[in-house]
Amino acid sequence: MNYYSTNRNSDPVDFRTATVQGQPSDRGLYFPEYIPQQDESLLRNLHKLTELEIAFRVLKPYVGDSIPDSVFTRILTETLSFPIPLRSLGKSVYSLELFHGPTLAFKDVGARFMSRCLGYFLQNEKRKVTILVATSGDTGGAVADGFYKVPGTEVIILYPKGKVSPVQEMQMTTLGQNVKALEVEGNFDDCQQLVKQAFADPELRETHLLSSANSINVARWLPQQIYYFLALKQWDPSTDPPVVSVPSGNFGNICAGILAMQSGLPIRHFIAACNSNDIVPEYFETGEWKPRPGIATWSNAMDVGNPSNFVRILEIMGHQDHVLKQFVSADRVSEEETLNAIRVLKQEHQYLADPHGAVAYCSLRRYLDKHPGQKGIFLETAHPVKFPDAIRAALGEDVPLPPELAQRKGLPKQSTRMEADYETLKKILRQH
Ligand SMILES: *Cc1c(COP(=O)(O)O)cnc(C)c1O
């Protein structure tokens with residue numbers, strides 16, 4: 001399998017190069033040159049096959065021979081080291097719980113897979129690989145955990161001081177070893193800017209092999225298909241295929257689901273559930289693509305003003321609007337509706353949802369009201385303990401720490417404070 005650039009201005013590359021490079025030189029996104037069709041023996045036997053068998057068969061065509069089967073199997077085993085249950089909430093609604101991984105968010109799946117692929121691809125590299133990542137909260141923890149103790153790699157995370165939740169901060173600052181956290185006096189954009197500057201610095205690039213672990217990397221995007229297959233593995237095969245509602249920010253997650261559907265997985269329809277950052281819902285209404293700065297909301301991992309992966313969805317749909325609308329709807333959910341969805345789930349189902357899952361639930365309910373008789377799944381992308389302010393605002397209560405986290409709470413915080421100043425960052429990188 002080769003990958004071409006969606007801008008079509010750079011040469012196709014194999015899985016290895018696409019993973020190591022991250023982004024093509026023409027600033028497009030890598031896209032598989034064809035969409036593999038999963039065969040009937042997989043689709044009809046999902047409930048009989050193991051999770052590992054399913055993951056292997058789904059991803060093998062994308063990886064090809066760039067990773068030997070024995071290594072690929074180990075990578076998948078380590079990627080899927082936690083359960084992904086489908087929970088029934090009443091007759092027609094299910095929650096796919098993607099938050100049982102080490103950092104309690106769905107990004108663990110992509111980050112674990114990518115870190116291990118990179119670790120394999122760069123194992124003979126003499127220089128140390130520095131993974132440099134700016135985060136508004138969830139990405140930093142997932143990437144740090146994914147690369148934790150991966151030989152030959154060093155992770156440097158920049159996060160905005162005082163702007164991540166206590167649990168998110170704890171996940172980034174208590175690992176130590178090859179993970180270094182920088183607490184930046186500034187906001188997320190400042191962190192992002194510093195990282196960009198480092199990547200553009202020729203002096204630094206001479207001494208350091210820098211990698212971005214960006215969410216557009218194919219090795220983070222493609223493995224997310226696995227859990228859509230695992231959802232269908234747990235779906236009653238005698239009922240109609242589900243509608244799936246995905247809380248969307250940069251649109252990598254939903255795009256993986258749509259890819260899975262295009263390769264044969266029976267999903268009836270996708271809902272892109274957005275918060276007030278409604279660039280995509282607006283595009284569905286007006287046909288105009290108007291990126292703008294992100295607005296802060298309760299579901300802050302979705303506060304994205306220019307969703308980069310949407311172009312991959314257009315690519316899957318052959319850039320045809322009527323095809324897109326047949327398979328995908330877009331919905332916007334207000335701040336009040338988000339809190340209300342958290343309340344409804346608690347009151348009607350004794351279910352504690354995080355604000356991102358709540359957005360997806362709200363959009364799913366709205367869709368099912370208009371399409372009676374259908375059933376649906378919403379993706380619960382994070383554990384509510386990561387977003388205590390939203391839970392307190394909705395329910396007036398605190399979320400107890402899960403046992404694994406309570407243990408970590410006593411560990412010392414290891415982070416270095418710094419001004420949002422490039423020379424300071426450069427000095428720190430040079431010490432590594
Ligand atoms: C990152 C994130 C999202 C958005 O996912 P995209 O792939 O960027 O659309 C949703 N929920 C949570 C909890 C996240 O961390």
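The values are calculated or read from the model by the stated rules, or taken from the named source; none is laboratory data. All figures in this text were calculated on a predicted structure; none of them were measured in a lab. In this analysis, Cβ positions are derived from the backbone assuming ideal geometry, glycine residues included, and neighbour counts consider all displayed protein chains.
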Going through segment 81-127 in order, the residues found to be among the β-branched types (V, I, T) and modelled with pLDDT under 95 are T103
Hey, does segment 174-192 have a residue that's among the basic types (K, R), crowded, with 22+ Cβ neighbours inside 10 Å and under 13 Å from G140 (Cβ atoms)?
-> yes
For segment 288-307, what are the residues that are in contact (Cβ under 8 Å) with a residue 12 or more places away in the chain, under 24 Å from A142 (Cα atoms) and surrounded by fewer than 18 Cβ atoms within 10 Å (Cβ to Cβ)?
-> I295, G305, N306
Of residues in segment 118-155 being surrounded by fewer than 24 Cβ atoms within 10 Å (Cβ to Cβ) and of a type in the set (S, T, Y), the one farthest from R205 (Cα to Cα) = S136
Only residues in segment 185-209 that are among the hydrophobic types (A, V, I, L, M, F, W, C) count as the first member; pair them with residues that are in a helix (DSSP H, G or I) and at pLDDT below 85, Cβ under 9 angstrom, at least 6 apart or cross-chain, and list the lot.
-> A198/R205; F199/R205
Lone qualifier among P160, P166, P202 - being over 30 Å from K128 (Cβ atoms), modelled with pLDDT under 95 and surrounded by fewer than 22 Cβ atoms within 10 Å (Cβ to Cβ) | P166
Unique match (being more than 13 Å from the ligand (Cβ to nearest atom) and either part of a helix (DSSP H, G or I) or on the phi > 0 side of the Ramachandran plot (or both)) among L265, L259, L232 | L232
Considering (1) surrounded by 15 or more Cβ atoms within 10 Å (Cβ to Cβ); (2) at pLDDT 95 or above; (3) more than 16 Å from the ligand (Cβ to nearest atom), say which one G28 fails and leave the rest.
-> (2)
Scan segment 103-117 and give yes if some residue there is touching a residue at least 40 places away in the same chain (Cβ under 8 Å), surrounded by fewer than 22 Cβ atoms within 10 Å (Cβ to Cβ) and either among the charged types (D, E, K, R) or in contact with a helix residue (DSSP H, G or I) (Cβ under 9 Å, 6 or more places away or on another chain) (or both), otherwise no.
-> no
Scanning segment 62-100 residue by residue, the ones that are away from the ligand (no atom under 16 Å from the Cβ), assigned to a loop (DSSP other than H, G, I, E, B) and surrounded by 21 or more Cβ atoms within 10 Å (Cβ to Cβ) total 2
Do you know which of the residues in segment 325-337 that are buried (at least 20 other Cβ atoms within 10 Å of the Cβ) and among the hydrophobic types (A, V, I, L, M, F, W, C) is farthest from P242 (Cα to Cα)?
-> V333
In the list I391, I428, which residue meets the criterion of being closer than 18 Å to V179 by Cα, outside any loop (DSSP other than H, G, I, E, B) and not charged (D, E, K, R)?
-> I428
Search segment 276-287 for residues being more than 14 Å from the ligand (Cβ to nearest atom) and of a type in the set (D, E, K, R), and hand back the single one that is surrounded by the most Cβ atoms within 10 Å (Cβ to Cβ).
-> E282
Residue that is within 12 Å of the ligand (Cβ to nearest atom) and either within 25 Å of the chain's Cα centre (by Cα) or more than 22 Å from K325 (Cβ to Cβ) (or both), where the choices are A360, A393 = A360
Result of the Cβ filter at 6 Å on segment 248-267, keeping first residues that are under 16 Å from D331 (Cβ atoms) and partners that are within 16 Å of the ligand (Cβ to nearest atom) and assigned to a loop (DSSP other than H, G, I, E, B), at least 6 apart or interchain, is G249/V304; F251/P307; F251/N309; I254/S248
Can you confirm whether segment 239-246 contains a residue that is in contact with a strand residue (DSSP E or B) (Cβ under 7 Å, 6 or more places away or on another chain), modelled with pLDDT of 95 or more and more than 16 Å from the ligand (Cβ to nearest atom)?
-> yes
Would you please list the contacts, defined by Cβ atoms under 8 Å and residues six or more apart or on different chains, that run from a residue in segment 335-351 that is more than 16 Å from N277 (Cα to Cα) and without any contact (Cβ under 8 Å) to a residue 40 or more places away in the chain to a residue that is outside any helix (DSSP H, G or I) and of a type outside the set (K, R)?
-> A341/V333; A341/A353
Is at least one residue of segment 355-366 loosely packed, with under 14 Cβ neighbours inside 10 Å and not polar (S, T, N, Q)?
-> no
Can you work out which of the residues in segment 367-390 that are among the acidic types (D, E) and surrounded by fewer than 17 Cβ atoms within 10 Å (Cβ to Cβ) is farthest from the ligand (Cβ to nearest atom)?
-> D369
Restricted to segment 135-172, and to residues that are in a strand (DSSP E or B) and under 22 Å from P223 (Cα atoms), which residue is nearest to the ligand (Cβ to nearest atom)?
-> V155
Would you point out the residue of segment 324-371, among those that are in contact with a strand residue (DSSP E or B) (Cβ under 7 Å, 6 or more places away or on another chain) and among the hydroxyl-bearing types (S, T, Y), that is nearest to G287 (Cα to Cα)?
-> S329
If we keep just the residues of segment 288-327 that are of a type in the set (F, W, Y) and part of a loop (DSSP other than H, G, I, E, B), which is nearest to the ligand (Cβ to nearest atom)?
-> W298
